[in-house]
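**Student:** This structure is in structure tokens; I'll ask about it shortly.
The values are calculated or read from the model by the stated rules, or taken from the named source; none is laboratory data. Fair warning: this is a prediction, and the values are worked out from it, not measured in the lab. Neighbour counts run over all protein chains shown; Cβ positions are idealised from the backbone, glycine included. Note: areas computed on protein heavy atoms with side chains; ligands, DNA, RNA excluded. Shrake-Rupley method; radii C 1.70, N 1.55, O 1.52, S 1.80 Å.
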2 protein chains.
Amino acid sequence: MMNSAARPPAMSDVAALAGVSHQTVSRVLNDHPSVRPETRERVAEAILQLGYRRNSAARTLVTRRSGTLGVVTPATALYGPTSTLVGLEEAARVVGWFVSVATIRQFDGDSMHTALEHFLGQGVDGIAIIAPTTEVAQAIAAIASPVPVVLISSASDVPPVPHLHAVGVDQRHGARLATQHLLDQGFADVVHVAGPQDWFDAQDRLAGWREVMGPGAPEHVEAGWDAADGYELGLRMAREGLPSAIFAANDQLALGLLHAFWERGVRVPDDVAVVGFDDEVGAAHYTPPLTTVRQDFGALGRLAVDSLQAAFDGKDVARQQIPAELVVRASSVRPA
Amino acid sequence: MMNSAARPPAMSDVAALAGVSHQTVSRVLNDHPSVRPETRERVAEAILQLGYRRNSAARTLVTRRSGTLGVVTPATALYGPTSTLVGLEEAARVVGWFVSVATIRQFDGDSMHTALEHFLGQGVDGIAIIAPTTEVAQAIAAIASPVPVVLISSASDVPPVPHLHAVGVDQRHGARLATQHLLDQGFADVVHVAGPQDWFDAQDRLAGWREVMGPGAPEHVEAGWDAADGYELGLRMAREGLPSAIFAANDQLALGLLHAFWERGVRVPDDVAVVGFDDEVGAAHYTPPLTTVRQDFGALGRLAVDSLQAAFDGKDVARQQIPAELVVRASSVRPA
DNA sequence: CGTCCGTGGGTGAGCGCTCACACCGACACG
DNA sequence: CGTGTCGGTGTGAGCGCTCACCCACGGACG
């Protein structure tokens, strides 16, 4: 039975029913060792009988811990950010943290400031920021957060601000894998279609490609993250001349390229090889199936939560990177 | 300047600095009319000077409103659920609600129960559940939540439980649009590749297709939501015989079909037309570009939040549906 | 000139919990 | 047989806010 909606049962109600003090109930709830088993039993029964749930607001008020993490993420259904969010939530729940989300349309300083204030006002224990731009990092540096903040990013140049940490998948490494793979397949002329250069991830993928290509690297092309951008670019390339291979900064760009090439009768990988980044759902079923770089978002989430937790406990937090993994499919394998 | 991390400033600190009582500070914060402008000014200045932020835990404790909404969503980067989440968050923020998320791997009663308890323990003001299965609805019916719950679903058979509401995009209508479009194009033999039938959305898309096809409808095929399922099915169809058109329950299934057909040299739409559902990012760039059904997730989020708000305020909540929209692309247009 | 009411503001209680500490009996030890 | 120690439990304060209520003052009104 539910009791009437008047007031949910409080600790004192449980205590009264079990014939103990509120403090003993608290001890039972918090697994304090020194409670006699039979007392514990009686309390547990009273809790069940009343349908008692402890009031987390009261708890937060006195402990100054809300048990909530704030996550800032772009307001899109992009594969990377979304998967990161899921990974984060699962990792957070394992260690008993709730995840509160705020989406933002643009990663400028103002939006960021608003989002952070939003979370700080709520009293979160830590904040994670997914897919940040350089501008974001500056905005964060300016706000002097009383709680730890982690940037989900492989950026090497995160400003050295106290309480600001960074974890990420090693984008540069992933980019090297992709580029090297294309070279190994015998495609000498590997062009990079880069993502928006204010995104850390896009910067790093570009850098990784450059590292492998060395000083003789051709010019890269800059684009957005969307398939439409890749499509436009693909049409232009088909018109103006094709490289032997293209490393696209994400799978959507690659998809757009594939579309344009298919439409123009350019064969992949025969006429031009294509590699993406992300291994999004469905990449295995593009036309042709797309070689790409996979990131372990579960591990990423765990790493982010770990470092937030360490920072929260006042420990030192080491910067950490997760390696990426190449997934080879038909779009980049040299025809026999 | 930050003051030392000892204790964040409280209302009384602001009051002392401004030379008023804590109550006046509260009035300023809550926009109470009867405060003299100059007093208001003084308080505002003190707030700024101390970097004061009101403690939401204390506020929640006394008002019994946490200002937080719980959202349960599947632990995947699927386009539909993700977009819904984003839509919900934006709508919630507009009316001043935070969004806390819990992802679940399986929509069985147990996971659902855990997630709900998780939120109720946190004291959320309302709960939204994205992409529910029939089993979920039963689990919710069993839990007697003290706060309103909204199922994001177009299901017509949501159990009539108090505090349980439902909003959704009209899946059935969308399916009718897709099917009718194929018939209008002259494809008589429209087969449906259905999603998992324990999902409300999958049920409704199937039902919509059936409505249009009438009693002479062919058998539908049941599958999961993934491209891999579509791919397998596509291979089988290419082997065992093709219908004139296929209406797939989502874009990923359609993508898998396209992949299989391309691999087997089956031309789309010449040999078989294909229509999907969702209009996910990239669907415009599949091979060929995919005809599909688009849902307005922003409107969906607003609707969900509205109904939660109405329920929270004790008003009556009418069931509401949002229409879907057909997006015609090359995959379903009869060749001239 | 007393009464009434509205404006601007203060006072105190209490939301439900945890933390620090007091207490009490039992048992060990010198 | 006094003194220490320790398991098991209770007491009271207080976290930072809102809510209900009270108070002072001034102008309007009969």
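**Student:** At least 3 residues that are more than 10 Å from DNA strand D (Cβ to nearest atom) and more than 9 Å from every other protein chain (Cβ to nearest Cβ) in each: list the helices (runs of 4 or more DSSP H) lying fully within segment A:1-85 that qualify.
**Tutor:** A:11-18, A:37-50
**Student:** A further question on this structure: Tally the residues that are of a type in the set (A, V, I, L, M, F, W, C) and within 11 Å of chain B (Cβ to nearest Cβ), restricting the search to segment A:117-148.
**Tutor:** Number satisfying all stated conditions: 6.
**Student:** Using the structure shown, decide if A:Pro160 is surrounded by fewer than 24 Cβ atoms within 10 Å (Cβ to Cβ) and either at pLDDT below 95 or in the same structural domain as A:Ile246 (by TED's automatic domain parsing) (or both).
**Tutor:** Yes, satisfied.
**Student:** Tell me, please, whether a residue that is within 16 Å of DNA strand D (Cβ to nearest atom), assigned by TED's automatic domain parsing to the domain that holds A:Ala304 and modelled with pLDDT under 90 can be found in segment A:104-117.
**Tutor:** The answer is yes; a qualifying residue exists.
**Student:** Taking interchain pairs and intrachain pairs at least six residues apart, which have beta carbon atoms under 6 angstrom, with the first residue in segment B:63-74 and closer than 13 Å to B:His118 by Cβ and the second part of a helix (DSSP H, G or I) and small (Gly, Ala, Ser)?
**Tutor:** If the second residue must be part of a helix (DSSP H, G or I) and small (Gly, Ala, Ser), the pairs left are B:Val72/B:Ala115.
**Student:** Surrounded by fewer than 24 Cβ atoms within 10 Å (Cβ to Cβ), over 30 Å from A:Ser12 (Cα atoms) and away from DNA strand C (no atom under 16 Å from the Cβ): which single residue out of A:Leu85, A:Leu78 fits that description?
**Tutor:** Details: A:Leu85 fails: surrounded by fewer than 24 Cβ atoms within 10 Å (Cβ to Cβ).
Exactly one residue qualifies, and that residue is A:Leu78.
**Student:** Out of the residues in segment A:274-304 that are away from every other protein chain (no Cβ under 14 Å) and of a type in the set (Val, Ile, Thr), state the one that is farthest from A:Phe187 (Cα to Cα).
**Tutor:** A:Val293
**Student:** Further question: Please go through segment B:260-273 and give me each residue that is within 14 Å of another protein chain (Cβ to nearest Cβ) and open to solvent by 10 Å² or more (accessible area, probe 1.4 Å), ordered by number. Steps first, please.
**Tutor:** Of the residues in segment B:260-273, the ones within 14 Å of another protein chain (Cβ to nearest Cβ) are B:260-268.
Across segment B:260-273, the qualifying residues are B:Trp262, B:Glu263, B:Arg264, B:Gly265, B:Val266, B:Arg267, B:Val268.
**Student:** Here is a follow-up. Tell me whether segment A:136-150 contains one or more residues that are in a helix (DSSP H, G or I) and at pLDDT 90 or above.
**Tutor:** No - not one qualifying residue is present in segment A:136-150.
**Student:** Hey, another quick one. Given the structure, is A:Gly96 open to solvent by less than 10 Å² (accessible area, probe 1.4 Å), away from DNA strand D (no atom under 12 Å from the Cβ), small (Gly, Ala, Ser) and within 11 Å of another protein chain (Cβ to nearest Cβ)?
**Tutor:** So A:Gly96 fails the test.
**Student:** Could I ask something else about it? How many residues, within segment A:41-58, are among the basic types (Lys, Arg) and open to solvent by less than 100 Å² (accessible area, probe 1.4 Å)?
**Tutor:** Selection size over segment A:41-58: 2.
**Student:** Run A:Glu38 past the list (1) more than 9 Å from DNA strand C (Cβ to nearest atom); (2) surrounded by 17 or more Cβ atoms within 10 Å (Cβ to Cβ); (3) without any contact (Cβ under 8 Å) to a residue 24 or more places away in the chain and report the number of the one that doesn't hold.
**Tutor:** (2)
**Student:** Just checking, which of B:Ala249, B:Ala318 is open to solvent by 10 Å² or more (accessible area, probe 1.4 Å) and of a type in the set (A, V, I, L, M, F, W, C)?
**Tutor:** B:Ala318
**Student:** Now, a different point. Tell me which of these A:Ile152 doesn't satisfy, since it passes every other one: (1) under 18 Å from the mean Cα position of the chain (by Cα); (2) under 21 Å from A:Leu326 (Cβ atoms); (3) crowded, with 24+ Cβ neighbours inside 10 Å.
**Tutor:** All conditions are met except number (2).
**Student:** While we're looking at this one, here's another question. Can you tell me which of B:Ala207, B:Ala142 is open to solvent by 20 Å² or more (accessible area, probe 1.4 Å) and not assigned by TED's automatic domain parsing to the domain that holds B:Pro269?
**Tutor:** Going through B:Ala207, B:Ala142 in turn, just one is open to solvent by 20 Å² or more (accessible area, probe 1.4 Å) and not assigned by TED's automatic domain parsing to the domain that holds B:Pro269: B:Ala142.
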